[in-house]
1. Please find, among B:Leu42, B:Leu16, B:Leu84, the residue that is of a type in the set (A, V, I, L, M) and either free of Cβ contacts under 8 Å to residues at least 60 places away in the same chain or more than 20 Å from B:Glu152 (Cα to Cα) (or both).
2. Given the conditions (1) more than 14 Å from chain A (Cβ to nearest Cβ); (2) among the aromatic types (Phe, Trp, Tyr); (3) free of Cβ contacts under 8 Å to residues at least 40 places away in the same chain, report the number of the one that B:Phe71 does not fulfil.
3. Would you check if there is a residue in segment B:44-55 being assigned to a helix (DSSP H, G or I) and among the small types (Gly, Ala, Ser)?
4. Looking at (1) in a helix (DSSP H, G or I); (2) crowded, with 23+ Cβ neighbours inside 10 Å; (3) more than 14 Å from every other protein chain (Cβ to nearest Cβ), which is the only condition B:Leu16 fails?
5. Just to be sure I understand, how many residues within segment A:19-39 are more than 14 Å from every other protein chain (Cβ to nearest Cβ) and either under 19 Å from B:Glu64 (Cβ atoms) or not hydroxyl-bearing (Ser, Thr, Tyr) (or both)?
6. Residues that are surrounded by fewer than 19 Cβ atoms within 10 Å (Cβ to Cβ) and within 17 Å of the chain's Cα centre (by Cα): does segment A:80-91 have at least one?
7. Pick from segment A:47-64 the residues that are more than 10 Å from every other protein chain (Cβ to nearest Cβ) and under 17 Å from the mean Cα position of the chain (by Cα): which of them is surrounded by the fewest Cβ atoms within 10 Å (Cβ to Cβ)?
8. Would you check which residues across segment B:92-101 are within 14 Å of chain A (Cβ to nearest Cβ) and surrounded by 19 or more Cβ atoms within 10 Å (Cβ to Cβ) and list them?
Protein chains: 2
Amino acid sequence: MISETCGGAIVWFTDLSAAGKSTIASCVFEYLVARGIKAELLDGDVVRQRISRGLGFSREDREENNRRIGFVANLLARNGVVVLVSAISPYREGRDEVRRKTCVSFVEVYVSAPLDVCERRDPKGLYRRARAGELRQVTGIDGPYEPPIAPEITCPTHEEPVETSVDRVLRVLLPWLVPQSASSLADQ
Amino acid sequence: MISETCGGAIVWFTDLSAAGKSTIASCVFEYLVARGIKAELLDGDVVRQRISRGLGFSREDREENNRRIGFVANLLARNGVVVLVSAISPYREGRDEVRRKTCVSFVEVYVSAPLDVCERRDPKGLYRRARAGELRQVTGIDGPYEPPIAPEITCPTHEEPVETSVDRVLRVLLPWLVPQSASSLADQ
């Protein structure tokens with residue numbers, strides 16, 4: 001059983017809203033659980049409902065939200081779970097802090113779609129509302145985004161299909177989970 | 001290895017401050033990890049710092065805090081971790097909600113020390129400050145506590161040594177974790 005030989009890890013997907021973080025993370029999640037690997041998906045929107053109700057989108061509140069996600073992710077990962085975090089997490093220092101503090105593998109996935117592409121997708125209507133002045137502190141519009149300097153993985157989702165991005169993540173991740181059979185798994 | 005055969009569980013210690021929840025939970029935690037069983041201790045005070053900063057001690061805030069603990073505990077437990085929650089958690093409905101919503105075993109431990117005993121112990125000085133009018137919404141003084149109606153375990157810590165309470169918990173817990181060897185473990 002793979003699940004009994006693998007260690008935990010934090011795989012942190014970051015970038016603007018609509019860049020494709022949750023789409024890729026969900027596919028990786030499905031892949032892992034289908035193979036008996038313990039995994040959890042911590043989606044930014046869901047986490048806000050469950051442990052960060054009341055926090056807003058100021059720098060201070062986003063940093064607090066980031067720390068909470070890091071706390072939960074670390075608890076799970078140190079117990080052997082592969083934790084897929086999908087959260088805008090715009091501040092570099094916040095992401096780096098989670099990396100520094102965890103005792104497990106930390107894999108940063110920069111889902112790098114340009115703002116204009118994200119804005120055309122806009123499935124939640126966030127950008128439209130930001131442009132109309134109805135929403136403030138929207139990352140990429142009037143809220144900053146600090147891209148990773150040296151992410152383990154970069155997925156340019158405006159230039160490649162989802163499958164390619166998912167494969168990028170799995171090829172980095174699987175050797176850490178099951179050193180013995182990583183290549184055969186990745187090739188399936 | 002025990003850790004690879006056991007399932008997760010939520011063991012929820014409830015009662016007044018200074019009743020002995022964290023003391024018992026810590027001993028159970030040490031016992032489990034020493035035997036290779038995955039366990040985490042979610043202490044109420046620590047959790048407030050990590051995921052509930054900003055929440056107070058009103059009914060609404062305590063219920064929100066309780067839900068957050070339940071969310072984290074459930075994530076861990078469904079991944080095979082024995083989660084020891086030590087939190088006053090004064091409202092019955094809040095504890096019952098966690099029980100209803102989880103898919104893992106839920107063991108409620110009522111650490112039942114009378115108020116006057118807790119007040120004599122008072123290691124944090126909470127009761128002294130409450131009696132002096134410096135603190136409000138202190139459970140047992142001007143904040144309600146709703147004891148469990150049918151807890152799986154009751155530990156009257158004013159009438160028994162810590163070892164007896166710890167043994168009560170282990171005797172209920174171990175058969176769920178390792179059905180095959182529970183009695184021999186409990187007798188160690």
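1. That would be B:Leu42, the only listed residue that is of a type in the set (A, V, I, L, M) and either free of Cβ contacts under 8 Å to residues at least 60 places away in the same chain or more than 20 Å from B:Glu152 (Cα to Cα) (or both).
2. (1)
3. Taking segment B:44-55 as the starting set, the residues that turn out to be assigned to a helix (DSSP H, G or I) are B:44-51.
Of the ones still in play, those that are also among the small types (Gly, Ala, Ser) are B:44.
Yes, the conditions are met somewhere in segment B:44-55.
4. Only one criterion in (1) in a helix (DSSP H, G or I); (2) crowded, with 23+ Cβ neighbours inside 10 Å; (3) more than 14 Å from every other protein chain (Cβ to nearest Cβ) is unmet by B:Leu16, namely (1).
5. Here is the first cut: in segment A:19-39, the residues more than 14 Å from every other protein chain (Cβ to nearest Cβ) are A:19-28, A:30-31, A:34-35.
If we keep only those that are either under 19 Å from B:Glu64 (Cβ atoms) or not hydroxyl-bearing (Ser, Thr, Tyr) (or both) too, we end up with A:19-21, A:24-25, A:27-28, A:30, A:34-35.
Here the count works out to 10.
6. Filtering segment A:80-91 for residues surrounded by fewer than 19 Cβ atoms within 10 Å (Cβ to Cβ) gives A:91.
With the extra rule that they be within 17 Å of the chain's Cα centre (by Cα), the set shrinks to A:91.
Yes.
7. Applying the first criterion (more than 10 Å from every other protein chain (Cβ to nearest Cβ)) to segment A:47-64 yields A:48, A:56-60, A:62-63.
So of that shortlist, the ones also under 17 Å from the mean Cα position of the chain (by Cα) come out as A:48, A:62-63.
On the way: A:Arg48: 19, A:Arg62: 23, A:Glu63: 17.
Here the residue is A:Glu63.
8. Of the residues in segment B:92-101, the ones within 14 Å of chain A (Cβ to nearest Cβ) are B:97-98, B:101.
Answer for segment B:92-101, where residues must be within 14 Å of chain A (Cβ to nearest Cβ) and surrounded by 19 or more Cβ atoms within 10 Å (Cβ to Cβ): just B:Val98.
The values are calculated or read from the model by the stated rules, or taken from the named source; none is laboratory data. Predicted model, so just to flag it, every value in this text is computed and none were measured. Note that each Cβ is placed from the backbone with ideal geometry, even for glycine, and that neighbours are counted across all protein chains shown.
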